[in-house]
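Please treat every number below as a calculation from the coordinates, not as lab data. In this text the structure is predicted, and so the values were computed from the model without any measurement.
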């Protein structure tokens, strides 16, 4: 399967905001609202599409990928490229994550050569953590936001890793 990356559109924003995950991943469910659509359209959000232009997932780069309480605690002071990802619920846990995430990392690294990469993930999301570790991300910090523990994971951003 070949995956393509494009800038977020209103059509894909609405589709992604309507996704519903099963417990415990329902933590990632969104609410479809005008402000949520604007967040996806006005910040650095991208979609990942299959060869039929079907939405596989999306990702963001920059401040939108950070968890607010981590910002308040000053945990994002180091200069890194922050990445946030979301995959279509019915595709999670089925082995598509490696291709999905490697496609995103290639794109990010091409646009941010040699910068360290950072992501924040809920500590209960062992599937995602395992995937990120396969790509060389390591846990650097832990913090809590709204009773949920988060891990900040980081990896060196050398272009030759992929």
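Points to keep in mind about this one:
- The chain: most fluctuating residue of 60, 18, 80 per GNM, C-alpha cutoff 10 Å: 18
- Highest-MSF residue in the chain out of 12, 132, 76 [GNM, Cα springs under 10 Å]: 76
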